[in-house]
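To start, the structure itself, in structure tokens.
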Amino acid sequence: MQVWKFGGTSVGKPERMKSIRNLVTEDKTRKIVVLSALSGTTNGLLAIGEAIKQHKNEEAFEAISTLKKHYQTFIEDLYTTPEGLAKGQKIIDTEFDFIASLVNISPFTLKQDKELVAQGEILSTQMFAAYMEEVGDSVVLIPALDFMRIDADNEPELAVIEEKLGHLLSKQTDKQIIVTQGFICRNPRGEVDNLKRGGSDYTASLIGGATVSEEIQIWTDIDGMHNNDPRIVKRTFPVRELSFEEAAELAYFGAKILHPSTITPAKMKGVPVRLKNTMEPNAPGTLIKSEVSHTSEITAIAAKDNITAIYIHSTRMLNAYGFLRKVFEVFEKYKTPVDMITTSEVSVAVTIDNNENLDKITEELNQIADLEPHDFNQSIICIVGNFMADKAGIAINVMNALKDIPVRMIAYGASEHNMSILVDTKDKNAALEALNEGLFKFE
Ligand code: ADP
Ligand code: ASP
Ligand code: MG
């Protein structure tokens with residue numbers, strides 16, 4: 001059994017949906033196919049939710065009607081038989097009636113907002129399964145809401161997922177293709193929830209881990225993990241192999257091709273992850289697994305925005321113990337993860353990517369230390385590779401490449417795979433380009 005996930009652009013047009021049907025059936029392995037919403041739909045649904053929240057009901061109805069028109073054309077191109085089209089029509093009529101019914105609900109809470117945004121994946125999977133049925137394939141749709149669970153801290157409950165999905169799959173042993181939704185899940189209150197933007201990758205990995213599948217394939221619009229962000233840097237190239245650790249660092253630190261948590265379940269169960277390009281199915285893509293053969297010093301670079309740096313000073317830190325514990329207890333209390341840390345004799349600087357509780361954190365830190373003004377709009381640049389502790393020269397190459405860029409923080413040595421640099425976001429693009437030219441060899 002394998003798990004194949006297709007992202008928004010891979011299902012975004014009727015001809016693409018048809019070609020992914022060909023892809024999943026030409027390969028004879030039994031598989032669970034995880035789909036995202038059609039590209040643009042999740043953003044469209046979020047915009048409808050915003051309009052409803054602001055009581056702009058007319059605007060919401062107009063946006064719903066525009067989105068439905070898109071789906072109307074889509075099904076007319078997708079299905080070729082009257083029965084297929086009638087099924088497609090029923091799917092979109094039902095889901096769009098539900099979406100429209102949310103407009104006049106008052107108050108429109110987070111619960112309804114999450115039900116609204118879930119419709120993207122609910123639509124795409126039903127349409128795809130109905131298309132496969134029209135063509136005569138062996139297919140069944142298992143709703144993610146029947147097995148995908150998160151706990152009160154929004155963490156997936158792998159044991160529950162394993163148990164529920166195992167049970168559902170045991171009833172479908174005659175089916176070759178099992179289709180399900182990416183992104184969506186239920187929370188401990190039983191409400192519809194989600195795994196955050198880009199969460200379909202995470203769904204695929206959770207399912208791959210839960211079923212201990214042979215492989216997890218993430219199909220998208222690019223030929224694998226590139227050595228640097230291709231949206232920003234001119235000369236990037238695909239990396240053929242990555243270790244779980246390298247891929248996890250890159251995903252966590254901003255490589256958009258993977259949701260930040262994707263690698264965790266796959267790594268836990270030792271299931272390899274392959275990144276593939278829907279537009280170029282024969283391209284090798286990137287294979288992520290536990291042991292890799294490459295020996296490159298620097299494998300790839302990623303960047304994460306919206307970082308805040310907090311600078312904490314205390315003379316009490318001098319020759320004292322326990323101070324750092326007090327500092328980190330504040331972040332723990334407000335469930336705010338710390339990404340980067342650097343220390344000097346009487347100071348510690350940390351970065352966070354979630355400012356939701358920053359005021360409270362600042363207030364409490366002020367009671368135990370002196371704070372300098374925070375730096376907002378920072379970016380962490382994460383350089384991933386194999387930095388053997390006894391190997392000289394890597395840090396100097398990085399700093400040389402960055403000689404014209406003001407660097408705020410540097411973290412090196414915590415792992416043999418990661419070096420993190422903090423820069424102002426306005427300098428990020430220049431820093432990524434400079435590192436690309438300075439650290440990689442081009443023919
Ligand atoms: P999907 O809709 O299939 O989930 P995403 O848009 O989420 O696709 O992810 C694919 C995109 O990630 C690519 O089109 C590319 O622009 C972007 N990306 C950012 N960093 C990288 C990287 N290091 N390697 C490959 N793609 C990257
Ligand atoms: N549709 C969701 C999003 O746009 C999930 C995903 O595409 O992975 O974020
Ligand atoms: Mg994505």
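The values are calculated or read from the model by the stated rules, or taken from the named source; none is laboratory data. Everything numeric here is computed off the predicted structure, so don't read it as measured data. All Cβ positions, glycine included, derive from the backbone under ideal geometry; neighbour counts span all protein chains shown. Accessible surface is based on the protein model in full, side chains and every heavy atom, while ligands, DNA and RNA are left aside. Shrake-Rupley method; radii C 1.70, N 1.55, O 1.52, S 1.80 Å.
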> Mind checking which lysines have their C-alpha under 25 Å from Lys403, skipping anything on the same chain fewer than 8 residues away?
Replying inline: Lys234, Lys304, Lys391, Lys426, Lys428, Lys441
>> Please compute the Kirkwood hydrodynamic radius of segment 186-323 from all pairs of different C-alpha atoms, in Å with one decimal.
In response: 16.8 Å
> Which whole-Hz couplings ³J(HN,Hα) result when phi for each residue of segment 237-246 is put into the Karplus expression 6.51 cos²θ - 1.76 cosθ + 1.60, θ = phi - 60°, listed in order with x for Gly and Pro?
Replying inline: 9, x, 9, 6, 9, 9, 7, 3, 5, 4
> Given the chain, what percent of its DSSP beta bridges are antiparallel, to the nearest 5?
Replying inline: 60 percent
>> Using helices alone, I'd like the mean residue ellipticity at 222 nm for the chain: each DSSP H run of four-plus residues gives -39500 (n - 2.57), total over residue count, nearest 500.
In response: -12500 deg cm²/dmol
>> Taking only the Cα atoms of segment 20-133, how large is their convex hull per residue, in Å³?
In response: 97 Å³
>> For a test of the definition: using alpha carbon positions, the gyration tensor, and the 1.5 limit on a/c, classify segment 387-443 as rounded, prolate or oblate.
In response: oblate
> Taking the Cα-to-Cβ direction at Asn377 and at Phe328 and moving 7 Å from each Cα, how far apart do the two end points lie in nm?
Replying inline: 3.2 nm
> If you take the alpha carbon radius of gyration of segment 374-418 and divide it by 2.2 N^0.38 Å, what ratio comes out, to two decimals?
Replying inline: 1.27
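Give the shape of segment 248-301 as rounded, prolate or oblate, defined through the alpha-carbon gyration tensor: a ≥ b ≥ c are the square roots of its eigenvalues, a/c under 1.5 means rounded, and otherwise the shape is prolate if a/b is larger than b/c and oblate if not.
Working: a/c = 1.24, a/b = 1.15, b/c = 1.07.
Rounded is the answer for segment 248-301, as its axis ratio a/c remains below 1.5.
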> How about segment 356-443: which chymotrypsin sites (Phe, Trp or Tyr not before Pro) there are in a DSSP loop, with at most 11 other Cβ atoms within 10 Å of their Cβ?
Replying inline: Phe442
> With every protein chain present, what is the per residue accessible area of segment 228-326 (1.4 Å probe, Å²)?
Replying inline: 48 Å²
> Carbon and sulfur atoms: what percent of the 1.4 Å accessible area of the chain do they account for?
Replying inline: 51 percent
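Find how much the distance from Val135 to His167 grows on full extension, using 0.36 nm per residue of separation minus their present alpha carbon separation; answer in nm with one decimal. Let's see the in-between values first.
Details: separation 32, 0.36 × 32 = 11.52 nm, distance 2.77 nm.
Extending this stretch completely gives an extra 8.8 nm.
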>> For the chain, compute Rg over Rh where Rg is the Cα radius of gyration and Rh is the Kirkwood radius from the inverse mean 1/r over Cα pairs.
In response: 1.00
> If you line up the long axis of helix 82-101 against the longest principal axis of the chain, both from Cα atoms, how many degrees apart are they, to the nearest 10?
Replying inline: 50 degrees
> From the square roots a ≥ b ≥ c of the eigenvalues of the alpha-carbon gyration tensor of segment 335-383, which class results: rounded (a/c under 1.5), prolate (a/b over b/c), or oblate?
Replying inline: oblate
> Per residue, how many Å² of accessible area does segment 1-87 show with a 1.4 Å probe?
Replying inline: 46 Å²
> Sorted by average packing, counted as other Cβ atoms within 10 angstrom per residue and highest first, what order do 73-79, 192-198 take?
Replying inline: 192-198, 73-79
> According to the Kirkwood expression over distinct Cα-Cα pairs, how big is the hydrodynamic radius of segment 335-426, in Å?
Replying inline: 14.9 Å
